[in-house]
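Asks: Take a look at this one; I'll ask things after.
The values are calculated or read from the model by the stated rules, or taken from the named source; none is laboratory data. Please read all numbers here as calculations on a predicted model, not as lab measurements. All Cβ positions, glycine included, derive from the backbone under ideal geometry; neighbour counts span all protein chains shown.
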Ligand code: 5GP
Ligand code: MN
């Protein structure tokens with residue numbers, strides 16, 4: 001755990017400030033939940049917070065309280081730039097390095113003259129003035145709860161804050177099932193329910209909001225699944241043509257990689273998704289046990305993340321990426337076979 005400049009930050013925030021709060025590109029439940037929760041909290045403390053979202057995020061997160069008041073850096077660029085320019089400090093949530101917001105926004109953040117504060121649970125964080133980094137914590141939302149706790153402000157958590165925090169903890173823990181889910185996580189979740197988070201509605205809004213197209217796309221993904229039992233590995237591919245065929249919307253492929261990991265005896269899963277707009281193959285990796293997909297993604301696919309959930313990218317064709325991926329596995333055969341004991 002790194003806690004840097006906390007007392008100075010507290011002092012800085014003892015006066016009303018203009019605060020910009022940023023999450024990573026392609027926001028997930030934890031990025032949206034944590035940025036919105038922190039924004040609601042700062043409003044209650046008398047600050048003027050603005051959440052700037054790098055790009056589009058899935059429909060199943062648009063219901064989050066405060067979502068309408070955010071600026072999108074890509075299509076509300078002048079408002080977003082203005083908020084950044086007028087801010088006294090920028091909070092970076094749920095990411096560890098500036099390039100995770102995308103090139104355009106990264107360029108604009110690199111020119112920023114005031115200080116950054118980071119609250120994040122990814123490995124190898126960039127060094128900024130104020131930092132709260134802990135790779136042991138399941139989600140940035142849990143960290144925001146603990147940040148509010150460190151400020152002795154748990155009483156300020158209302159229904160909106162509780163709802164946002166619950167959402168990010170739920171999505172980043174795979175609904176409270178990953179190893180990162182601790183008794184403390186459950187105690188925090190219990191408190192968030194007491195403070196107004198409606199657990200059944202949150203689960204419904206996030207997980208039971210599928211379009212028919214999304215289910216058909218999942219069907220396609222599952223029929224593309226390949227299993228490599230000797231490496232306890234399974235992977236899925238989705239081409240741009242397949243995405244188009246089923247009317248792909250942002251967020252439709254979220255969680256699909258977990259189906260590969262749900263196979264008995266599979267401990268390493270990947271999904272390769274063609275993205276012709278960015279001209280890359282976007283990759284998600286998941287693992288069980290000791291095999292670090294963070295390390296794997298960093299070493300071979302320009303990415304990173306956590307030990308059991310990471311992502312990366314590949315410049316080339318679907319065929320090249322899958323061949324490349326398969327050619328890497330023999331080197332890890334022992335590690336893969338001893339990674340996880342059920
Ligand atoms: P997902 O596979 O759900 O997109 O991401 C899983 C985890 O890996 C998340 O914590 C995410 O922040 C991280 N991640 C995904 N893609 C990348 C990437 O391209 N670079 C890095 N450094 N991390 C990534
Ligand atoms: Mn997260």
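Asks: Among the numbered criteria (1) away from ligand 2 (no atom under 15 Å from the Cβ); (2) surrounded by 14 or more Cβ atoms within 10 Å (Cβ to Cβ); (3) farther than 19 Å from residue 57 by Cα; (4) under 22 Å from the mean Cα position of the chain (by Cα), which one does residue 201 miss?
Replies: (2)
Asks: On to the next question. Would you check which residues across the range 253-272 are in contact (Cβ under 8 Å) with a residue 60 or more places away in the chain and either over 16 Å from residue 228 (Cβ atoms) or within 16 Å of ligand 2 (Cβ to nearest atom) (or both) and list them? Before you say what the answer is, go through the steps one by one.
Replies: Step one: of the range 253-272, the residues in contact (Cβ under 8 Å) with a residue 60 or more places away in the chain are 254, 258, 267-268.
The answer is 254, 258.
Asks: Separate question: Please verify whether residue 132 is in contact with a strand residue (DSSP E or B) (Cβ under 7 Å, 6 or more places away or on another chain), part of a loop (DSSP other than H, G, I, E, B) and at pLDDT 95 or above, treating the condition exactly as stated. So that I can check it myself, show each step before the final result.
Replies: Working: in contact with a strand residue (DSSP E or B) (Cβ under 7 Å, 6 or more places away or on another chain): yes; part of a loop (DSSP other than H, G, I, E, B): no; at pLDDT 95 or above: yes.
It is false that residue 132 is in contact with a strand residue (DSSP E or B) (Cβ under 7 Å, 6 or more places away or on another chain), part of a loop (DSSP other than H, G, I, E, B) and at pLDDT 95 or above.
Asks: How many residues are more than 15 Å from ligand 1 (Cβ to nearest atom) and more than 23 Å from residue 31 (Cα to Cα) when one looks only at the range 242-273? Lay out the reasoning, then the answer.
Replies: At the first step, the residues of the range 242-273 found to be more than 15 Å from ligand 1 (Cβ to nearest atom) are 242-249, 262-267.
The next check asks that each one be more than 23 Å from residue 31 (Cα to Cα); those that pass are 242-247, 262-267.
Total satisfying the criteria: 12.
Asks: Every residue in the range 250-308 that is over 19 Å from the mean Cα position of the chain (by Cα), more than 20 Å from residue 331 (Cα to Cα) and surrounded by 19 or more Cβ atoms within 10 Å (Cβ to Cβ), please.
Replies: Once the filter is applied, which keeps residues that are over 19 Å from the mean Cα position of the chain (by Cα), more than 20 Å from residue 331 (Cα to Cα) and surrounded by 19 or more Cβ atoms within 10 Å (Cβ to Cβ), the range 250-308 yields 260, 274.
Asks: Which number in (1) farther than 30 Å from residue 99 by Cβ; (2) touching a residue at least 40 places away in the same chain (Cβ under 8 Å); (3) buried (at least 21 other Cβ atoms within 10 Å of the Cβ) marks the one condition that residue 209 misses?
Replies: Result: residue 209 fails condition (3) only.
Asks: It is to be established whether one or more residues within the range 156-172 are out of contact with any helix residue (DSSP H, G or I) (no Cβ under 6 Å at 6 or more places or on another chain), within 14 Å of ligand 2 (Cβ to nearest atom) and part of a loop (DSSP other than H, G, I, E, B). Before you say what the answer is, go through the steps one by one.
Replies: Restricting attention to the range 156-172, the residues satisfying the condition of being out of contact with any helix residue (DSSP H, G or I) (no Cβ under 6 Å at 6 or more places or on another chain) are 157-159, 163, 170.
Of the ones still in play, those that are also within 14 Å of ligand 2 (Cβ to nearest atom) are 170.
Still in the list and also part of a loop (DSSP other than H, G, I, E, B): none.
No, the range 156-172 contains no residue that is out of contact with any helix residue (DSSP H, G or I) (no Cβ under 6 Å at 6 or more places or on another chain), within 14 Å of ligand 2 (Cβ to nearest atom) and part of a loop (DSSP other than H, G, I, E, B).
Asks: What are the residues in the range 135-147 that are under 25 Å from residue 298 (Cβ atoms) and buried (at least 19 other Cβ atoms within 10 Å of the Cβ), if any? Walk me through how you get there before you give the answer.
Replies: Our first condition is that a residue be under 25 Å from residue 298 (Cβ atoms); within the range 135-147, this holds for 135-143.
Answer for the range 135-147, where residues must be under 25 Å from residue 298 (Cβ atoms) and buried (at least 19 other Cβ atoms within 10 Å of the Cβ): 137, 138, 139, 140, 141, 142, 143.
Asks: Look at residue 237 and say whether it is assigned by TED's automatic domain parsing to the domain that holds residue 325, assigned to a loop (DSSP other than H, G, I, E, B), under 22 Å from the mean Cα position of the chain (by Cα) and away from ligand 2 (no atom under 16 Å from the Cβ). First the steps, then the outcome.
Replies: Details: assigned by TED's automatic domain parsing to the domain that holds residue 325: yes; assigned to a loop (DSSP other than H, G, I, E, B): no; under 22 Å from the mean Cα position of the chain (by Cα): yes; away from ligand 2 (no atom under 16 Å from the Cβ): yes.
So residue 237 fails the test.
Asks: On the basis of being at pLDDT 95 or above, over 16 Å from residue 136 (Cα atoms) and within 16 Å of ligand 1 (Cβ to nearest atom), does residue 173 make the cut?
Replies: no
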